[in-house]
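Visitor: Just dropping this structure here.
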Amino acid sequence: MTKRKPLSTILAESLAEKIRSGQLAPGAQLPTEAELCAEYDVSRTVVREAVARLRSDGMVVPHQGRGMFVSEMPEARKFSIPDDALKTLPETIALLELRLSVEVEAAGLCAERRTEAEADAIRALMEQVDAQHEDPAAVQIHYDYDFHLAIAKAARNEFIHGFLSYLKPMIVPRYQLGYVVAPGRKDTYYARIHSEHEAIVGAIERQDAGAARRAMRKHLYNSLQRVRGLAQASGVEATGAVQKAAAEALFAEMKPKIAAER
């Protein structure tokens, strides 16, 4: 006789299929325990076991006080990530948090100050970058950094543009996009990034500074969540003392370079 699968396994497989098919998209909130109990006619214990399995597989991640959400890179555990890349995850997260604090304002200033020619150039660069759709295993995760630099340059603040240019060699070569995007999901991923880019560029063209800031914040926050999800799924501590130590080490490395440029 064929042994029947446990209810928790059946539920976990059903939810996993919804995630893979896109019915539950990356970043979407998982139904509550009560909703899952009612939908599948199972107990809370079964639901908790199923969700724990999905979390262990890196398919869902918890958000404090808000519930469980589909990971931005739900198939992370199927990827082979070199130890050197894993070690840079806390630093990468710290750098993304830094970018978030600077580039949101840069987008707003760009919308206020850009010329028509600059707006046209930013759109042209976006279209060029977003049209490539390269194999995720052969492209860097921050492949769109020149697009971000163009926005910073049009913000008319040399400190912002100079600072982000200075960070480029530290940010871009971190690791390949393939570590967070499965080959079968690449078209969906690139389409989503293009949508985020389009929202930023559209706001810049309309000279809507508030919308530009919101669109840039959403874009960089999504990138940050993908890297945090990769860290969690890979068993790498990316918050607290470990991230603080990584940020301090990175800053210590940067200080001599900053001093040399003065």
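The values are calculated or read from the model by the stated rules, or taken from the named source; none is laboratory data. Remember, predicted model here, so these are calculated numbers, not experimental data. All Cβ positions, glycine included, derive from the backbone under ideal geometry; neighbour counts span all protein chains shown. Just so you know, the surface numbers come from the protein's heavy atoms only, side chains and all, with ligands and any DNA or RNA stripped out. Shrake-Rupley method; radii C 1.70, N 1.55, O 1.52, S 1.80 Å.
Visitor: If you go through region 110-131 one residue at a time, how many are surrounded by 16 or more Cβ atoms within 10 Å (Cβ to Cβ) and under 19 Å from ILE160 (Cα atoms)?
Guide: Qualifying residue count for the region: 6.
Visitor: Find the residue count for region 39-59, including only residues that are aliphatic (A, V, I, L, M), under 18 Å from GLY27 (Cα atoms) and without any contact (Cβ under 8 Å) to a residue 40 or more places away in the chain. Reasoning before the result, please.
Guide: Taking region 39-59 first, the residues aliphatic (A, V, I, L, M) are 42, 46-47, 50-52, 54, 59.
Narrowing further to those that are under 18 Å from GLY27 (Cα atoms): 51-52, 54, 59.
Of the ones still in play, those that are also without any contact (Cβ under 8 Å) to a residue 40 or more places away in the chain are 51-52.
Going through region 39-59 one residue at a time, the tally reaches 2.
Visitor: Same structure, new question: In region 115-160, what residues are touching a Phe, Trp or Tyr at 6+ places or on another chain (Cβ under 8 Å) and among the charged types (D, E, K, R)?
Guide: Matches in region 115-160: ASP130, GLU134.
Visitor: Go through (1) open to solvent by 40 Å² or more (accessible area, probe 1.4 Å); (2) in contact with an Asp or Glu (Cβ under 9 Å, 6 or more places away or on another chain); (3) modelled with pLDDT under 85 for GLN225 and report which single condition fails.
Guide: Of the numbered conditions (1) open to solvent by 40 Å² or more (accessible area, probe 1.4 Å); (2) in contact with an Asp or Glu (Cβ under 9 Å, 6 or more places away or on another chain); (3) modelled with pLDDT under 85, the odd one out for GLN225 is (1).
Visitor: Then there's this: Could you tell me how many of the residues in region 30-42 are open to solvent by 50 Å² or more (accessible area, probe 1.4 Å) and in contact with a helix residue (DSSP H, G or I) (Cβ under 7 Å, 6 or more places away or on another chain)? Before the answer, list the steps.
Guide: Our first condition is that a residue be open to solvent by 50 Å² or more (accessible area, probe 1.4 Å); within region 30-42, this holds for 32-35, 38-41.
Going one step further and asking which of them are in contact with a helix residue (DSSP H, G or I) (Cβ under 7 Å, 6 or more places away or on another chain), we end up with 33, 40.
Qualifying residue count for the region: 2.
Visitor: While we're looking at this one, here's another question. What pairs come up if the first residue lies in region 1-30 and is among the acidic types (Asp, Glu), the second is open to solvent by less than 90 Å² (accessible area, probe 1.4 Å) and part of a helix (DSSP H, G or I), and their beta carbons are under 8 Å apart, counting only those six or more places apart or on different chains?
Guide: Pairs that qualify, where the first residue is among the acidic types (Asp, Glu) and the partner is open to solvent by less than 90 Å² (accessible area, probe 1.4 Å) and part of a helix (DSSP H, G or I): there are none.
Visitor: Within the set of pairs 6 or more residues apart or between chains, which connect a residue that is of a type in the set (S, T, N, Q) inside region 168-193 to a residue that is surrounded by fewer than 20 Cβ atoms within 10 Å (Cβ to Cβ) with Cβ atoms less than 9 Å apart?
Guide: Taking only residues 6 or more apart or on different chains, the pairs are GLN176/ALA85; GLN176/ALA137; GLN176/ALA138; GLN176/VAL139; GLN176/GLN140; THR188/GLY22; THR188/ALA25.
Visitor: Continuing with the same structure: Among (1) open to solvent by 60 Å² or more (accessible area, probe 1.4 Å); (2) part of a helix (DSSP H, G or I); (3) under 17 Å from PRO173 (Cα atoms), there is one condition GLU134 misses while meeting the rest; what is its number?
Guide: Of everything listed in (1) open to solvent by 60 Å² or more (accessible area, probe 1.4 Å); (2) part of a helix (DSSP H, G or I); (3) under 17 Å from PRO173 (Cα atoms), GLU134 misses just condition (2).
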